[in-house]
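A quick write-up on the structure given underneath.
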Amino acid sequence: MRVRESDLRRATLEIDAASTQAGWDQPARLYALVETGRLLAREPSLATSLGAAVESSGFTAVEQEPLDSSRSLEDVLGDIEWPPEVDGCAAAVERLVLPPSAEEFLPDEPAAQRSYAAGHPQRQEVRIVAAVLRDGSAHCALRVRGHDEPQDLVEGPDLVPGLVRLLSETLTTSLQD
């Protein structure tokens with residue numbers, strides 16, 4: 001399990017690095033995670049396009065089509081079910097975070113919550129990358145806007161438990177067809 005966890009961490013950090021390079025104010029992105037060795041065995045031509053530095057171990061993050069911008073990532077995840085060939089999945093999303101003291105004044109309605117958060121003087125923008133595997137392993141990376149150096153990254157398996165749970169639910173195979 002340790003090897004898979006370190007491979008998952010590496011995939012998470014690669015997604016974070018790509019997101020950092022793309023800059024802020026990006027739409028949410030969704031990725032399928034596939035064991036690289038199995039992917040290269042199935043699609044040998046990818047080895048050439050990925051370059052000589054590609055390792056046959058670990059996971060390759062395959063970015064999916066852009067998400068419907070009229071729906072939240074959380075809502076979209078409720079409609080996704082990955083095929084068995086996908087070993088895991090990951091999401092990169094930007095969010096506004098408020099200090100705990102702001103929670104008591106948070107409105108009940110989602111649109112009002114977004115408006116309240118956007119106008120709060122102590123809000124912080126964060127980018128979250130969360131990744132999960134079918135075996136339940138998870139890794140998350142969190143970065144605050146304006147802190148784009150590698151040492152500024154906060155990471156761990158349970159930083160964003162709600163997003164990890166939603167991603168994990170997309171990996172359960174439906175028994176009804």
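What are the pairs with Cβ atoms under 7 angstrom where one residue, in the range 100-113, is more than 15 Å from Gln124 (Cα to Cα) and the other, located anywhere, is surrounded by 11 or more Cβ atoms within 10 Å (Cβ to Cβ)? Sequence gap at least six, or different chains.
Close Cβ pairs satisfying both conditions: Leu106/Gln113; Leu106/Tyr116; Pro107/Gln113; Pro107/Tyr116.
Got at least one residue in the range 61-74 being over 20 Å from Asp158 (Cα atoms), in a loop (DSSP other than H, G, I, E, B) and touching a Ser or Thr at 6+ places or on another chain (Cβ under 6 Å)?
Checking the range 61-74: not a single residue is over 20 Å from Asp158 (Cα atoms), in a loop (DSSP other than H, G, I, E, B) and touching a Ser or Thr at 6+ places or on another chain (Cβ under 6 Å).
Kindly indicate whether any position in the range 90-101 is hydroxyl-bearing (Ser, Thr, Tyr), buried (at least 16 other Cβ atoms within 10 Å of the Cβ) and more than 23 Å from Ser19 (Cα to Cα).
No; the residues of the range 90-101 include none that is hydroxyl-bearing (Ser, Thr, Tyr), buried (at least 16 other Cβ atoms within 10 Å of the Cβ) and more than 23 Å from Ser19 (Cα to Cα).
Output the number of residues of the range 84-130 satisfying the condition of being more than 18 Å from the chain's Cα centre (by Cα) and at pLDDT 95 or above.
Result for the range 84-130: 0.
Answer yes or no as to whether Leu163 is at negative phi, outside any strand (DSSP E or B) and crowded, with 16+ Cβ neighbours inside 10 Å. Working first, answer last.
Numbers: at negative phi: yes; outside any strand (DSSP E or B): yes; crowded, with 16+ Cβ neighbours inside 10 Å: yes.
The answer is yes for Leu163.
Only residues in the range 81-97 that are over 14 Å from Glu35 (Cα atoms) count as the first member; pair them with residues that are of a type in the set (Phe, Trp, Tyr) and assigned to a loop (DSSP other than H, G, I, E, B), Cβ under 9 angstrom, at least 6 apart or cross-chain, and list the lot.
Sorted first by the residue in the range 81-97, then by its partner, the pairs are Glu94/Trp24.
Consider Pro107 against the criteria (1) closer than 18 Å to Ala28 by Cβ; (2) assigned to a loop (DSSP other than H, G, I, E, B): it satisfies all of them except one. Which criterion is unmet?
All conditions are met except number (1).
Looking only at the range 145-160, count how many residues are in a helix (DSSP H, G or I) and either among the aliphatic types (A, V, I, L, M) or touching a residue at least 60 places away in the same chain (Cβ under 8 Å) (or both).
Taking the range 145-160 as the starting set, the residues that turn out to be in a helix (DSSP H, G or I) are 150-152.
Narrowing further to those that are either among the aliphatic types (A, V, I, L, M) or touching a residue at least 60 places away in the same chain (Cβ under 8 Å) (or both): none.
Selection size over the range 145-160: 0.
Of all residues in the range 39-82, count the ones that are of a type outside the set (Asp, Glu), at pLDDT 85 or above and surrounded by 11 or more Cβ atoms within 10 Å (Cβ to Cβ).
Here the count works out to 15.
Listed residues Ala112, Ala102; which is of a type in the set (A, V, I, L, M, F, W, C), over 24 Å from Gly58 (Cα atoms), touching a His at 6+ places or on another chain (Cβ under 9 Å) and in a helix (DSSP H, G or I)?
Just a single option satisfies the conditions, and that option is Ala102.
Please enumerate the residues belonging to the range 90-99 that are out of contact with any Phe, Trp or Tyr (no Cβ under 6 Å at 6 or more places or on another chain), among the hydrophobic types (A, V, I, L, M, F, W, C) and assigned to a strand (DSSP E or B).
Ala91, Ala92, Val93, Leu96, Val97
The values are calculated or read from the model by the stated rules, or taken from the named source; none is laboratory data. Computed from a predicted structure; not experimentally measured. Ideal geometry is used to build each Cβ from the backbone, glycine not excepted, and the neighbour counts take in all protein chains shown.
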